[in-house]
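What follows is a single structure, written as structure tokens, with notes after it.
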Amino acid sequence: MQYAVTEERGAHRRETAAAIAATFVAARREARSLAEFPGTIPADLAAAYLCQDLAIEAWPDRLIGWKVGMIAPPLRARFGAERVAGAIFDAGLRTARGSVEFPVFVGGFAAVEAEFVLRIAHDAPSGKVDWTEREAHALVGDMHIGIETAGSPLATINELGPTVVAADFGNNAGLILGPPVSDWAARPLQSLAVVTSIDGTIVGRGDASLLPRGPIGALQFLAAQTARIGRPLRAGMLVSTGAVTGVHDIKPGQSALADFGSAGRISCLAVAAK
């Protein structure tokens with residue numbers, strides 16, 4: 001009897017997650033905003049990642065990497081994590097040449113986040129959920145500058161908490177990839193600095209030391225998380241390691257600039273998604 005009850009609960013959990021995933025996938029494909037979260041907000045990150053995993057299966061594009069974001073300190077004990085992960089797809093990847101246009105959900109959430117992006121050099125072992133800093137570092141081929149174009153059909157996604165963020169692809173809508181950073185592994189984290197501007201006004205300054213344990217700390221988390229959900233990191237994947245200057249809201253028609261100093265600059269323009 002107990003087995004039957006557990007099996008029934010598992011089926012209901014998956015059915016609930018599938019309905020949430022289907023709503024987010026449809027809204028994203030149609031470039032349509034959502035007025036509210038589609039159903040009951042997942043109670044924990046495991047339930048939220050199930051929504052994301054089912055959405056990845058339903059999304060008609062190739063998974064090419066992951067974004068990593070921070071969970072607000074007051075919520076970390078409750079959810080048992082300091083970071084959250086989201087999927088990045090091939091169609092959302094743009095190369096930083098000139099001013100890059102990127103789509104945003106009108107009526108939804110949109111932001112730019114200046115980040116350091118790691119390119120994975122070789123496949124991670126399946127099932128490995130414990131990673132030292134040295135082991136994570138050994139996965140990396142190179143580091144690039146980049147901008148995560150955060151986005152969701154749900155305008156209140158960040159306000160509703162990390163399980164809502166995780167449920168909708170980690171609040172990711174794409175990645176603008178800049179040039180590689182020379183000698184990144186030998187440089188102090190404080191020297192990996194960036195200034196972000198929107199429409200010519202500086203909105204944030206920061207450096208890689210603001211990320212707990214730096215970009216490699218983000219990769220340690222992600223390597224474990226992707227192994228847990230049965231999607232271990234693969235060679236060539238890109239990992240956007242976290243907002244260095246903050247999360248900066250942006251609207252269609254606004255431009256953003258991330259100035260990484262000697263590492264380069266990325267300029268982009270938000271346009272309405274179609």
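The values are calculated or read from the model by the stated rules, or taken from the named source; none is laboratory data. Remember, predicted model here, so these are calculated numbers, not experimental data. Cβ coordinates were reconstructed from backbone atoms using ideal geometry, including for glycine residues, and neighbour counts include every protein chain displayed. Side chains are part of the model used for accessible areas, which takes the heavy atoms of the whole protein and leaves out ligands, DNA and RNA. Shrake-Rupley method; radii C 1.70, N 1.55, O 1.52, S 1.80 Å.
Only one of these is farther than 24 Å from residue 56 by Cβ, of a type in the set (Gly, Ala, Ser) and crowded, with 19+ Cβ neighbours inside 10 Å: 218, 208, 227. Name it. Result: 208 is the single residue among 218, 208, 227 that is farther than 24 Å from residue 56 by Cβ, of a type in the set (Gly, Ala, Ser) and crowded, with 19+ Cβ neighbours inside 10 Å. Screening the candidates 193, 173, 186 for the property of being open to solvent by 20 Å² or more (accessible area, probe 1.4 Å) and either of a type in the set (Phe, Trp, Tyr) or without any contact (Cβ under 8 Å) to a residue 12 or more places away in the chain (or both) yields one hit, 186. Highlighted here are the strands (runs of 3 or more DSSP E) found entirely within the stretch 191-250 that include at least 2 residues which are closer than 24 Å to residue 155 by Cα: 193-198, 201-207. Candidates in the stretch 196-208 are the residues that are within 20 Å of the chain's Cα centre (by Cα) and touching a residue at least 60 places away in the same chain (Cβ under 8 Å); of these, the one that is farthest from residue 144 (Cα to Cα) is 204. Among the strands (runs of 3 or more DSSP E) confined to the stretch 90-163, the ones with at least 1 residues that are farther than 22 Å from residue 199 by Cα, out of contact with any helix residue (DSSP H, G or I) (no Cβ under 8 Å at 6 or more places or on another chain) and open to solvent by 10 Å² or more (accessible area, probe 1.4 Å) are located at 93-95, 109-120, 140-152. Among the conditions (1) surrounded by 15 or more Cβ atoms within 10 Å (Cβ to Cβ); (2) in a strand (DSSP E or B), residue 271 misses just one, which is (1).
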